[in-house]
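Peer 1: Below you will find the structure I want to go over with you.
The values are calculated or read from the model by the stated rules, or taken from the named source; none is laboratory data. This structure is a prediction, so every number in the text was calculated from the model and none was measured. All Cβ positions, glycine included, derive from the backbone under ideal geometry; neighbour counts span all protein chains shown. The accessibility values were calculated without ligands, DNA or RNA, using every heavy atom of the protein model including side chains. Shrake-Rupley method; radii C 1.70, N 1.55, O 1.52, S 1.80 Å.
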Amino acid sequence: MKTSLKNKIICILLAVLLFGFSGFAVLRPKDEYSASERRQLAQMPPVSVKTLLSGTFMSEFEEYTLDQFPLRETWRTLKALANKYLYNKSENNGIYELDGYYAATQYPLDEDSMAHAVKVFNSVYDRYFADGDYNVYFSLIPDKNYFLQEDAKQLRVDYDRYKEIVNEELDRFSYIEIFDTLQISSYYKTDTHWRQEKIQPTADRLLQGMNMTKSIDPAYEIKELDVPFYGVYYGQAALPAEAETIYYADTDRFADVKVYDHENRKETAVYDLAKADGKDPYEFFLSGPLSLVTIANSNAATDRELFLFRDSFGSSIAPYFIDSYAKITLIDIRYLQSAMVGNFVKFPAGSDVLFLYSTMVLNASNALK
């Protein structure tokens, strides 16, 4: 009798748990966006004869149920903690942690991707700079693995091979070495990017490499952005981590600088406070990933122009160039076809041209057009 009652109680509890959990999943408001993963979540797909017969409904429904699973973030964190501490796995979702720094495994070096990047860069050179008097430079930004891989368990990428390819295949570009100006503390712990307040030595090295020695005043006031920052790896790793603080190098000299966003046809600022409260506070630097931005400084130390072909790292280092150049044009050929750049930009003879790209982008260069 006692066994029968016990079994009934277990069955009732199981039914309450099963149907209660299912009912909660069906009735609760659906999330549209995952802040931790910085992506839109799948929504209930439309039901029709066509989608049912083609099988698209079931595949989209499966994605929807995974994205809208109740307490999804909690389960993701529990899984990540179990992988790290119970199963002793070195990574979760392709992200590993060492001494509080999170990084994505970058292995192996993709030679085909590098070949594509080199082809695009040489095409840009041939199209715009081969027949003119230009000073064309190239510099590589190492990803965080470069500083972590000596102690991490992950497979190592040969970063010397990156440099070898660049110097061999982009032999018309003058290479500027910056690896030795950086260290792991130059990067955010939970994000891919470097910290602006840590990279003035890197900016100085680039300026020196471009024979830019004049400067009005190298001093900047380091200010704190009053917004908690959780980088892209925070959501991908699904592990608990403290919010970081974004610091930025400001100066009264930026008050007279004119910044124009050609993509959205509007004036913006060196530091965009509206973006600071957005989904990715790093877009605070020069309004984030824009295809074409110009910065004009009538009080610059010289009348020279700089054309910066860049990825997202360029947004936070470009402010360090403003004092030196009368005009800086930031060009992102991930969003603007390189063959179309000439329709929007004119390159005066004697200009400086810097291609500044992270090894992460070169190792996944399909976005370069």
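Peer 1: In a shell of Cβ-Cβ distance under 9 Å around Glu283, excluding Glu283 itself, what net charge do Lys and Arg (+1) and Asp and Glu (-1) give?
Peer 2: Values: positive: Lys275, Lys279; negative: Asp272, Asp280.
Neighbourhood net charge equals 0.
Peer 1: Which of the peptides 263-271, 102-110, 314-322 is most tightly packed, and how do the rest follow, judged by the mean count of other Cβ atoms within 10 Å per residue? Working shown, then result.
Peer 2: Details: 263-271: 14.7, 102-110: 18.8, 314-322: 23.3.
Peptide ranking by packing, descending: 314-322, 102-110, 263-271.
Peer 1: Which links in Lys275/Lys327; Lys119/Lys163; Lys144/Lys369 stretch past 18 Å when you go from one Cα to the other? Let's see the in-between values first.
Peer 2: On the way: Lys275/Lys327 23 Å; Lys119/Lys163 16 Å; Lys144/Lys369 25 Å.
Too far apart for the 18 Å limit: Lys275/Lys327; Lys144/Lys369.
Peer 1: Mind giving me the nanometre distance, one decimal, between the label points for Asp180 and Val120, set 7 Å out from Cα along Cα→Cβ?
Peer 2: Placing both labels 7 Å along Cα→Cβ, they lie 3.0 nm apart.
Peer 1: Classify the range 238-369: rounded, prolate or oblate, from the alpha-carbon gyration tensor (a ≥ b ≥ c, eigenvalue square roots; a/c under 1.5 rounded; otherwise prolate if a/b is larger than b/c)? Could the numbers behind the result be given before it?
Peer 2: On the way: a/c = 1.78, a/b = 1.17, b/c = 1.52.
It is oblate, given that a/c is not under 1.5 and a/b is not larger than b/c.
Peer 1: Let me ask another. Could you tell me what percent of the accessible area of the range 120-269 is made up of carbon and sulfur, with a 1.4 Å probe and every protein chain present? It would help to have the intermediate numbers written out before the result.
Peer 2: Working: 3010 of 7540 Å².
Percent of accessible area from carbon and sulfur atoms in the range 120-269: 40.
Peer 1: Please list the three semi-axes, largest first and in whole Å, of the ellipsoid equivalent to the range 156-225, using sqrt of 5 times the eigenvalues of its alpha carbon gyration tensor.
Peer 2: Values: eigenvalues 131, 82, 12 Å².
Semi-axes from the Cα gyration tensor: 26, 20, 8 Å.
Peer 1: Shape call for the range 277-329 from the C-alpha gyration tensor, a ≥ b ≥ c root eigenvalues: rounded (a/c under 1.5), prolate (a/b greater than b/c) or oblate? Kindly include the intermediate steps, with their values, before the conclusion.
Peer 2: On the way: a/c = 2.63, a/b = 2.05, b/c = 1.29.
Taking the square roots of the gyration eigenvalues as a ≥ b ≥ c, the range 277-329 is prolate.
Peer 1: Can you compute the FRET efficiency between Arg156 and Leu13 using 1/(1 + (r/R0)^6), with r the Cβ-Cβ distance and R0 = 35 Å? Round to the nearest 0.05. Walk me through the numbers on the way to the answer.
Peer 2: Numbers: r = 51 Å, r/R0 = 1.46.
Result of the calculation: an efficiency of 0.10.
Peer 1: Shifting gears a bit: In nm, what is the difference between 0.36 nm times the number of residues separating Ala364 and Asp204 and their Cα-Cα distance?
Peer 2: 54.8 nm
Peer 1: Rounded, prolate or oblate: which fits the range 135-276 when a ≥ b ≥ c are the square roots of the eigenvalues of the alpha-carbon gyration tensor, with rounded for a/c under 1.5 and prolate only if a/b beats b/c?
Peer 2: In terms of gyration-tensor shape, oblate.
Peer 1: Between Glu263 and Glu242, what length in nm is gained on full extension when 0.36 nm per residue of separation is reduced by their alpha carbon distance? Present the calculation step by step, with values, prior to reporting the outcome.
Peer 2: Numbers: separation 21, 0.36 × 21 = 7.56 nm, distance 3.46 nm.
So the extension gain works out to 4.1 nm.
Peer 1: At 1.4 Å probe size, with every protein chain present, just tell me what the per residue accessible area of the range 252-343 comes to in Å².
Peer 2: Value returned for the range 252-343: 38 Å² of accessible area per residue.
Peer 1: Please report the equivalent ellipsoid semi-axes of the range 294-369, computed as sqrt(5 x eigenvalue) of the Cα gyration tensor, largest first, in whole Å.
Peer 2: Numbers: eigenvalues 106, 45, 16 Å².
Ellipsoid half-lengths, sorted descending, are 23, 15, 9 Å.
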